[in-house]
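Asks: This structure is in structure tokens; I'll ask about it shortly.
What follows is calculated from the coordinates using simple rules that are stated; it is not laboratory data. The shown structure was predicted, so the numbers you read here are calculated from the model rather than taken from an experiment. Cβ atoms come from the backbone with ideal geometry, glycine included; neighbour counts cover every protein chain shown.
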Amino acid sequence: MKNQKGFTLIEMMIVLLVISVLLIITVPNISKHSSNINSKGCSAYAKMIEGQIQAYKIEQNTTTQPTFTELASKNYLKSAEGKCPDGTELEITPDGRVIPANQ
């Protein structure tokens, strides 16, 4: 018989088993961290808006708090929605902080 090179069915099954076990271990860990990632992303977005509020107040020479619409109309923000990327509503407090609307 000729010397044939290749993988046997058993070897292929073992490789698929190892890959399956690795996927079973990693996928749940990734999904657990998605909410943590979203909250940190929202926090970073709120800090960025606070910086834009300060820039607006300096450049417009005002002490009043702008609204999201004013910030967007003057090109300090791309959108006047006032939402995080995950959909959380934001509000601007009288002292210039940006917090989630439900707090």
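Asks: (1) 1.37; (2) 2.01; (3) 1.57: which one is Cα Rg over 2.2 N^0.38 Å as calculated from this entry?
Replies: Entry (2).
Asks: Follow-up. Do any GluC sites (Glu not before Pro) in region 54-102 lie in a loop, going by DSSP, with at most 12 other beta-carbon atoms within 10 Å of their beta carbon, and if so which?
Replies: Answer by residue number: there is no such site.
Asks: Sticking with this structure for a sec: For Cα pairs less than 8 Å apart in space and 6+ apart in sequence, what is the mean separation divided by the residue count of the chain, i.e. the relative contact order in percent?
Replies: In percent, rounded to a whole number, it is 21.
Asks: For the residues Lys78, Lys57, Lys47, what sequence is obtained by ranking on other C-beta atoms within 10 Å, fewest first?
Replies: If I rank by nearby Cβ atoms, fewest first, I get Lys78, Lys47, Lys57.
Asks: Fewest Cβ neighbours within 10 Å first, please rank Ser39, Ser31 accordingly.
Replies: Ser31, Ser39
Asks: Enter the angle in degrees (range 0 to 90, nearest 10) between the Cα long axis of helix 9-32 and the first principal axis of the Cα atoms of the chain, meaning the one along which they spread out most.
Replies: So the helix axis and the longest Cα principal axis differ by about 20 degrees.
Asks: If I take every Cα pair under 8 Å that is 6 or more residues apart in region 61-103, average their sequence separation and divide by the length, what percent do I get for the relative contact order?
Replies: 27 percent
Asks: What shape does region 61-103 take by its C-alpha gyration tensor, where a ≥ b ≥ c are the square roots of the eigenvalues and a/c under 1.5 counts as rounded, a/b above b/c as prolate, and the rest as oblate?
Replies: It comes out oblate by the Cα gyration axes.
Asks: Any chance you could give the angle, 0 to 90 degrees and rounded to 10, that helix 34-60 forms with the longest Cα principal axis of the chain?
Replies: Its long axis makes an angle of about 30 degrees.
Asks: Follow-up question, since we're still on this one. Based on DSSP H runs of at least 4 residues, each adding -39500 (n - 2.57), what is the mean residue ellipticity at 222 nm of the chain after dividing by all its residues, to the nearest 500 deg cm²/dmol?
Replies: -19000 deg cm²/dmol
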